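Novice: This is the structure I want to talk about, given as structure tokens.
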Amino acid sequence: MKASSLGYSLLAVALLAVAAAAGYWLGQAKPSMSTEKTAATPERPALYWFDPMYPAQHFDAPGKSPFMDMALVPKYTDSTQESASVSVSAQTRQNLGMRTSPVVLERLPDGLDAVGSLAYNQREIATLQARASGFVERVYARAPGDVLAAGSPLADLLIPEWSAAQLEFIAVLNSGDPRLIDASRERLRLLGMPAELISQVTKTRKARAVQTIVTPIAGELQALDVRAGMAVAAGQTLASINGLSSVWLDASIPESQASSVAIGAPVSATLTAYPGQALHGQVIALLPSTDTQTRTLTVRSQLPNPSGKLRPGMFASVHLSSPEQTPALLIPSEAVIRTGKRTLVMLAGKQGQYEPREIHTGREADGRTEVLSGLSEGQEVVTSGQFLLDSEASLQGITGDSGASQ
């Protein structure tokens, strides 16, 4: 019995020793496992939360998007999401047919091509009015649209008031008094008689109560408001004529090209009606208003028209010469992404990395756009497939804001 009791006592002591050792080991191992678990899943602080459909809008706390029925996505500070670029494999680039083009420092092509149309020279208009009250005795065979030479007769007016004044003037002429003659001649002039009519009365000593209205310049008759037998009042408009010795050429250009046009710059044009015949003139005005629908400005040029073959309304292909430009950073216009609020390009990096870059653009010509800021010479921009890259960057919350200030 004593031996058996001693055996049980030794077994109990051994079990207690094993339990103590196990407890000590577990106490030492637990912190180590906790440390490994923490190292495996570290806490990543979020910079902000965003809606992938509206990545430019940032939120300070998680929640549901106010734009879409979806949860906001966190933007972390770890290197995986901080790269601010989109990675595309070589096979995907090949499948998409992605192409790039370098940013070069060159001059934009000289001049600007546009389309335009001919118009009347509004500075070459003559308006004929009755100089005194009278009656229309005769109307010549004229009609609006007729092209007339200078001095062509339009109508004969009978002016009774002039007849009495001319008879008095003839009587003064017969007296031979120079002072009275000068005073009487001045009276005729103040009554509205043209100098040619006064000279005829002086020479012939016969009264001429009928005045023939003639065209003062050559051109197209725009309006003729007289009829035989009608009465006219002093100052009443009888006819108007627009000269055709020169015509205006109005061409529309993008408002971004306004700085490329200078007053007095030479202009060449080719009309559809006369192919192969180049016409030359110069810029006389850049109209102050902008078309709000097309965002274009009107450049007005003047072309000589000695033969009269240039007719208002004809269409023309126009080349506007511009002063020599200084070298500028240029990229293909097809690489530019305009969102309405910003202007972006997709900047190609190494190993298939692509970054959206905000830029500021200037002039545009011959399929190339001037870059004022945001890029530097030698960088590569995507010219094909850039819209897919921009969409992927937006979904990842990559906005490309930082590049605009470079």
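The values are calculated or read from the model by the stated rules, or taken from the named source; none is laboratory data. This one's a predicted model, so the numbers in the text were calculated from it and none came from an experiment. Because the Cβ atoms are built from the backbone with ideal geometry, glycine has one as well, and the counts that use them run over all protein chains shown.
Per-residue answers, yes or no, for (1) closer than 30 Å to Gly308 by Cα; (2) surrounded by 13 or more Cβ atoms within 10 Å (Cβ to Cβ); (3) in the same structural domain as Val381 (by TED's automatic domain parsing):
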site	(1), (2), (3)
Ala90	no, no, yes
Thr100	no, yes, yes
Gly116	yes, yes, no
Val139	yes, yes, no
Leu148	yes, yes, no
Leu154	yes, yes, no
Leu157	no, yes, no
Ala165	no, yes, no
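A quick yes/no check of all residues on (1) out of contact with any His (no Cβ under 9 Å at 6 or more places or on another chain); (2) in the same structural domain as Ser101 (by TED's automatic domain parsing); (3) surrounded by fewer than 18 Cβ atoms within 10 Å (Cβ to Cβ); (4) of a type outside the set (D, E, K, R):
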position: Pro304; (1), (2), (3), (4): no, no, yes, yes
position: Gly308; (1), (2), (3), (4): yes, no, yes, yes
position: Pro312; (1), (2), (3), (4): yes, no, yes, yes
position: Ser333; (1), (2), (3), (4): yes, yes, yes, yes
position: Val336; (1), (2), (3), (4): yes, yes, no, yes
position: Arg357; (1), (2), (3), (4): yes, yes, no, no
position: Glu364; (1), (2), (3), (4): yes, yes, no, no
position: Glu377; (1), (2), (3), (4): yes, yes, yes, no
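Novice: Pairs under 7 Å by beta carbon, first residue closer than 9 Å to Ile170 by Cα and assigned by TED's automatic domain parsing to the domain that holds Glu168 in the range 193-206, partner surrounded by 15 or more Cβ atoms within 10 Å (Cβ to Cβ) and of a type in the set (D, E, K, R), six or more apart or different chains?
Specialist: Taking only residues 6 or more apart or on different chains, the pairs are Val201/Arg208.
Novice: So, one more: Within the range 170-195, can you find the residues that are hydrophobic (A, V, I, L, M, F, W, C) and farther than 21 Å from Ala130 by Cβ?
Specialist: Ile170, Ala171, Val172, Leu173, Leu180, Ile181, Ala183
Novice: Taking strands (runs of 3 or more DSSP E) that fall entirely within the range 300-363, which contain at least 2 residues that are over 20 Å from Val103 (Cβ atoms)?
Specialist: 315-320
Novice: Would you call Ile217 modelled with pLDDT of 90 or more, within 39 Å of the chain's Cα centre (by Cα) and not in a strand (DSSP E or B)?
Specialist: yes
Novice: Looking at the structure I just gave you, is Gly176 in contact (Cβ under 8 Å) with a residue 24 or more places away in the chain and at positive phi?
Specialist: Here the answer is no, as Gly176 does not meet what is asked.
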